[in-house]
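Worksheet: the structure to be examined is printed underneath.
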Amino acid sequence: SDRVWFTHQMVKKNANIAPLGYRVFDATYLSALMVGRICGLAPQIPGTFKNLDIDGIVNPLNDLQKEDCLDSGLLTVYYDNELEDFVILRAINTLQNNTSLQNPDGTSFSIQLTRISAQLNSDLALNAKRMIFARQDGTNVFTLSPNYLEDWTKTFLTSKVATEINDNLIVGFDNDINVVKEGDAYRVNYRFNPNNEIAFTFFTGYSII
C-alpha cells in the first residue's frame, strides 16, 4: 500500500552507562526516527539520503539485501561511506507495484509523492472551508457556481507552484479543472505536476582531443 510504511533493523545508540558502550533499540524505535525525520521535512523535500541520529546498526545490509529491500518496499537505513553518516536508503512505502514512479491509478511507491498529493488535497479542503463555506452569505447553487469554484481552485493551485525564490509542492497544473455537481456537493477533479524528488544522477564525461 502507498499509505503504509514498514521498517526493520535494530540500531545502536552510544551510552556510557551500558556495559558494551552502546544500547540496542528495536525496529519500533527506528520507525519513530524514520517518521520523525521524514515528516519533519516539507512534503516536497525527499527523505532519501537524510541522516538519522543513530550510532550503529546491529545487522548492516549488503548491496544485494539493499536491492531486495527496495524491491519489497522496506524503509531501511545504512551507513554511507561517502556521506560518512547513517542515512535513509530511499524514502519508500510498501507498494509492490514500484517499477514506475507513478502508476496509472495514481499510486506511487514514493513517500514524497504521496505526501505532496495528500498535503495538496488537505490544503484545498481546509482553505475552501475557510474562504468559501464559512462566508456569512452562505453557499448555495447561486452563490457558488462551478465556474467560481474552478477559478478559485486555479488561483489556489497557482499559490502552490514552486518559483525561483520559493520551493513548493508542485511545478505546474492542468488548467482543465472539472467541477461536477452531485446532489448538495461539488466534486472537483484536477491534475498537477508534483515537485517530485530526483534520486539519481548519472555523469558521463567525454574527453576532448
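Before moving on, here are some points about what is shown:
- Residue 105 vs. criteria charged (D, E, K, R) and either modelled with pLDDT of 95 or more or open to solvent by less than 60 Å² (accessible area, probe 1.4 Å) (or both): no
- If you filter segment 1-41 down to residues that are open to solvent by less than 40 Å² (accessible area, probe 1.4 Å) and assigned to a loop (DSSP other than H, G, I, E, B), you find that the one that is farthest from residue 77 (Cα to Cα) is 18.
Let's see how each residue does on (1) in a loop (DSSP other than H, G, I, E, B); (2) among the small types (Gly, Ala, Ser); (3) open to solvent by less than 90 Å² (accessible area, probe 1.4 Å):
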| residue | (1), (2), (3) |
| --- | --- |
| 172 | no, yes, yes |
| 181 | no, no, no |
| 187 | no, no, no |
| 199 | yes, yes, yes |
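- Inclusion of residue 113 among residues that are open to solvent by 30 Å² or more (accessible area, probe 1.4 Å), touching a strand residue (DSSP E or B) at 6+ places or on another chain (Cβ under 7 Å), touching a residue at least 40 places away in the same chain (Cβ under 8 Å) and not in a strand (DSSP E or B) is not warranted.
- Residue pairs whose Cβ atoms lie under 6 Å apart, separated by 6 or more positions or on different chains, with the first residue in segment 181-209 and under 25 Å from residue 168 (Cα atoms) and the second modelled with pLDDT of 95 or more and of a type in the set (D, E, K, R), are 191/174.
- Single condition residue 142 does not satisfy, out of (1) open to solvent by 80 Å² or more (accessible area, probe 1.4 Å); (2) part of a loop (DSSP other than H, G, I, E, B); (3) of a type in the set (A, V, I, L, M, F, W, C); (4) under 30 Å from residue 37 (Cβ atoms): (4)
The values are calculated or read from the model by the stated rules, or taken from the named source; none is laboratory data. Only a predicted model underlies this, so the values are computations on that prediction, with no experimental measurement involved. Using ideal geometry, Cβ is built from the backbone for each residue, glycine included, and neighbour counts are taken over all protein chains shown. These area figures cover heavy atoms from the full protein model, side chains too; ligands, DNA and RNA do not enter into them. Shrake-Rupley method; radii C 1.70, N 1.55, O 1.52, S 1.80 Å.
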